[in-house]
Amino acid sequence: VLTDAYAGGATLISGDAGNDGVLGVNETWTYAASHVVTQAEMNAGVDLVNVAVVDTTQTDPLQDDATTDVIQQPGLTIDKVVDKATVSQAGEVLHYTIVVDNTGNVDLTGVVLQDLKAYGLTSPSGDDGDGVLETNETWTYKAYYDVTQADLNAGGTIVNVAKVTTDQTT
């Protein structure tokens, strides 16, 4: 009897030459088992240790394990766009859309978006309500900026930078 609780069981794929269910002398039985890695396992970051146990009527149980390293690769991108390329008078309103995307293989917690020049930063759309930027989520924020006479007097470009950090990224 072979058990592999981690993989949900194992299937004999070869070796029972007599097709009699008896592990004969000089027989080697090969089993196959599989495990689908879960997002919770990726988030935990703990190596996956799988133990198979074989037992017969004539022997004590023996076991062996196989370990798979869990490699966490947190990642995200931020993209900020403005609705106007130019302005010509004070009081014009620039509307910003800021998109934050989890591009890694682990969920991201403690997401903080900072935008020191824009106002009215919204809560993100795209969050399922748990405040965790999951691997399958993209969050979209909205903000605005009122162009001032000082901006026009200074000329040049109005630069507005957004920054995002998480517990797992810088």
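The figures follow:
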{"read-out": "Qualifying position, being open to solvent by 60 Å² or more (accessible area, probe 1.4 Å), under 30 Å from Asp107 (Cβ atoms) and hydroxyl-bearing (Ser, Thr, Tyr), among Thr57, Thr86, Thr67", "value": "Thr67"}
{"read-out": "Any hit, segment 87-96, residues being in contact (Cβ under 8 Å) with a residue 12 or more places away in the chain, touching a Pro at 6+ places or on another chain (Cβ under 8 Å) and farther than 26 Å from Thr140 by Cβ", "value": "no"}
{"read-out": "Residue selected from segment 32-44 under the condition exposed (fewer than 13 other Cβ atoms within 10 Å of the Cβ) and out of contact with any Ser or Thr (no Cβ under 6 Å at 6 or more places or on another chain), by the criterion farthest from Ala10 (Cα to Cα)", "value": "Ala40"}
{"read-out": "In segment 109-152, residue most open to solvent (accessible area, probe 1.4 Å) [restricted to those that are small (Gly, Ala, Ser) and in a strand (DSSP E or B)]", "value": "Ser125"}
{"read-out": "Total residues in segment 3-21, condition farther than 18 Å from Pro61 by Cβ and open to solvent by 70 Å² or more (accessible area, probe 1.4 Å)", "value": "6"}
{"read-out": "Residue check, Thr109 touching a Gly at 6+ places or on another chain (Cβ under 7 Å) and among the hydroxyl-bearing types (Ser, Thr, Tyr)", "value": "no"}
{"read-out": "Counted residues, segment 153-170 - those being open to solvent by less than 70 Å² (accessible area, probe 1.4 Å), β-branched (Val, Ile, Thr) and in a loop (DSSP other than H, G, I, E, B)", "value": "3"}
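The values are calculated or read from the model by the stated rules, or taken from the named source; none is laboratory data. None of the values given here were measured: they were computed from a predicted structure. Using ideal geometry, Cβ is built from the backbone for each residue, glycine included, and neighbour counts are taken over all protein chains shown. Please note that ligands, DNA and RNA were not included when accessible areas were found on the heavy atoms of the full protein model with its side chains. Shrake-Rupley method; radii C 1.70, N 1.55, O 1.52, S 1.80 Å.
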